[in-house]
Every structure is written in structure tokens, then in C-alpha cells.
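Following: one structure in C-alpha cells, then a few remarks.
Derivation of every value follows stated rules applied to the coordinates shown; laboratory data play no part. Just so you know, these numbers come straight off a predicted model, no measurement behind them. No Cβ is skipped: glycine too gets one built from the backbone with ideal geometry, and neighbour counts run over all protein chains shown.
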Amino acid sequence: MPTIKDVAEKASVSIATVSRVLNGDRTLAVPESTRLRVFRAAEELHYVAKRRRREKDTATVKKIGIIPFGNEELENQDPYFLSIRRGIETECNRQGIEASLLLGWRNLNEGRSDLGEFDWVMVIGEPDPFYTALENQAKNLIFIDSSPNPERFFSVVTDFERITHLVLRHLMKLGHTRIGFIGGSRLSRRDERHVAFENYMREQGLFREDWVFIGPWSINGGYELAKQALQSYDLPSAFFVASDPMAVGVIHALREAKLSVPGDIAIVGCDDIDMAAYMNPALTTIRIPAERMGKLAVQILLGSVHENEGPFQITLPSELVIRESCGSSLEPS
């Protein structure tokens with residue numbers, strides 16, 4: 001069985017640092033990259049920390065409820081959200097915690113008393129407009145892929161603004177200035193990638209409202225949005241597509257229109273789902289550690305409960321994976 005010393009050696013940090021990181025000590029002055037390295041080492045070694053018992057057994061976490069993004073059909077259409085849930089379930093199983101999938105969460109405003117049965121409720125994706133109902137009915141909340149109130153609740157997110165800037169800078173480096181956006185709709189607000197895209201392109205004096213298309217987060221959604229774009233003869237030379245499944249649909253629609261990717265239109269996706277590397281052309285995309293986000297969320301809440309630690313937000317790094325669909329083999333800058 002691996003020990004805390006093994007984790008320390010693998011992460012190249014001290015035993016004390018491992019202990020404080022795994023127990024959620026936010027007073028520890030180390031970079032987020034060091035914290036992530038410790039969590040990654042513990043995960044790879046299958047290390048389970050010994051927890052201190054507190055009065056009245058308040059440190060015990062026995063049941064976790066998982067509220068998925070949307071419904072099962074939508075989750076299955078976008079492996080990003082499914083990967084987050086699998087990460088949660090894998091880590092809960094490793095830690096001996098019962099995890100239950102809570103469907104029908106869109107009816108929360110009508111009241112769901114069963115939320116109180118769970119020690120923690122983990123919300124994948126945005127909680128709006130049901131945030132108040134969740135807050136009132138759940139004992140403890142942690143959010144993954146959203147951070148509605150970082151001062152009150154734990155959250156694990158990725159930096160979509162940085163991701164978007166990375167994509168746009170790379171496309172501009174390749175000579176593209178006519179860049180469009182295809183993305184999914186949120187319940188009560190615009191997606192962060194959409195906002196970041198518009199802001200950055202406006203700063204560059206390159207934003208075109210007629211090159212922005214928003215619809216369902218699915219392959220068919222991307223397909224239909226691309227067909228809308230194709231109704232115009234004035235097309236961009238590149239699209240940033242906010243999810244890989246949508247990018248699959250976009251590329252299919254472009255092929256039907258006898259347009260070449262990347263010859264006529266370059267495409268960059270987001271998520272790096274399994275099939276992205278095997279598409280034709282192979283999809284340039286952003287690699288987001290979705291499953292790790294789920295695992296890390298469980299590790300964070302366990303550490304915070306046992307150390308009585310206040311809420312904080314963890315932002316996981318992502319990277320641009322350059323393949324064929326953007327028309328470049330250059331490294332990102």
C-alpha cells in the first residue's frame with residue numbers, strides 16, 4: 001500500500017507539503033501547479049489519506065449526490081460532461097463513498113427534499129437558474145465547470161477565457177483574421193467561450209456578429225449551425241467551435257457543401273474527446289482534463305471536511321493540441 005512518503009517522492013515535494021495539500025490547507029504558499037502535482041501523484045499511486053476524526057463524526061462523508069449537466073441524452077452527446085461524472089464516480093468508489101446520480105434537477109424549484117439526504121451535492125455545469133433552490137435544499141455544494149459564488153462554495157473549473165485567447169492567437173498566427181464562432185447555449189447566460197471570443201475579437205477590431213452561431217451542444221447542433229452559416233456567401237476563413245461534438249457536425253456540413261477543412265475553412269474544437277485524433281482531418285482542439293476535474297472535486301471536499309477548511313476555487317490548466325484541421329503543425333505560442 002502506498003504511503004505519504006511515496007506520494008511526496010513522486011511529486012518531488014516534502015511529506016509536510018503532501019499532507020497539507022491533501023487536507024486542503026489553503027494557507028500553504030505553493031503554486032497551483034504544485035497542488036495539482038500532489039493530487040496527480042496521489043491519484044496515480046492510489047493513495048488514500050488517513051483522516052482525522054472530529055467531534056460528532058462531522059468529518060464523515062458517506063453519500064454524495066451528482067447533478068449532471070442537462071439530461072442523460074445531452075450528457076451522452078457531449079463526452080466532456082460524462083467524463084467529469086466518471087471522474088467523480090471513480091474517486092468516490094476509491095474512497096468508499098456512495099455516489100448517486102440525481103436526475104430531474106430542473107424541477108428543483110418545485111422542491112426536492114431528497115437533496116438533504118446527501119452529505120454533499122456535486123453540480124456539473126451551470127446551476128442557473130436553480131442556484132437558489134440548490135442552496136436552500138442541499139447541505140453542502142461543490143460546483144464543477146462553473147463557479148457561481150467562489151466565496152461561498154468550492155469549485156473546480158478551467159479557464160475558458162485563456163483557452164479562447166490561445167485558440168484565437170494561434171489562428172491569427174496562421175494568418176486568419178476572419179474568424180467565426182460556433183457554440184452552445186446556456187440556460188441563463190452566455191457561455192464563457194462566447195464572451196471571451198467576442199471581447200477579444202472586438203479588441204482586435206475583427207468581431208462580426210453575423211459570424212457567431214449559437215445552438216444545442218450536440219453533433220447535430222453543430223451541423224445545423226454550420227448549415228446556417230453556409231447560407232451566406234461571405235464566410236469566415238476559420239471557426240472556433242466550443243465543443244468537439246459540435247465540431248464533428250460542423251465539419252460534416254462543410255463537406256456536404258464541398259468545402260475543404262482546413263483548405264477552405266480552418267476548424268478548432270474544444271475538449272479533446274477520444275475521437276478527435278481519429279477524425280479526418282484530425283481535429284485541432286483544446287485538451288481539458290475533464291475526468292481529473294471530477295476526481296479532484298472529490299479529493300477537495302474530503303480534505304476540506306476533515307480540516308474544516310473554507311471554500312476555494314481550483315482552476316485546472318488546459319492545452320492546445322494542434323492537429324490537421326487548423327492547417328498547421330506549428331507549436332502554440
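Using the Stokes-Einstein relation with a Kirkwood hydrodynamic radius computed over Cα pairs, the translational diffusion coefficient of the stretch 213-301 at 4 °C and a viscosity of 1.567 mPa s comes to 94 µm²/s.
Using the Cβ-Cβ distance between residue 204 and residue 3 with R0 set to 56 Å, the FRET efficiency works out to roughly 0.60. According to the Cα-based calculation, Rg over Rh for the stretch 160-288 is 0.92, with Rh computed by the Kirkwood formula.
Proximity of backbone amide H atoms, modeled 1.01 Å from N, is registered between residue 243 and 270 at under 5 Å, excluding neighbours fewer than 5 places apart on the same chain. Computed extension gain for residue 230 through residue 257, at 0.36 nm per residue and net of the alpha carbon distance, reaches 8.9 nm.
Once backbone amide H atoms are built at 1.01 Å from N, residue 215 has 183, 184, 185 as its partners under 5 Å, excluding neighbours fewer than 5 places away on the same chain.
Using a cutoff of 8 angstrom between alpha carbon atoms and counting only pairs six or more residues apart, the relative contact order for the stretch 205-260 works out to 41 percent.
When each of 211, 217 is scored by the number of other beta-carbon atoms lying within 10 Å, the sequence from fewest to most is 211, 217.
Under 5 Å between amide hydrogens, built in the peptide plane, is the criterion, and for residue 154 it picks out 143, 312 among residues at least 5 positions away or on other chains.
Here the spin labels are modelled as points 7 Å beyond Cα on the Cα-Cβ line, and at residue 151 and residue 45 they lie 3.8 nm apart.
The length gained on full extension between residue 214 and residue 114, counted as 0.36 nm times the residue separation minus their Cα-Cα distance, comes to 32.5 nm.
A Förster distance of 35 Å, applied to the separation of the beta-carbon atoms of residue 16 and residue 101, puts the FRET efficiency at 0.40.
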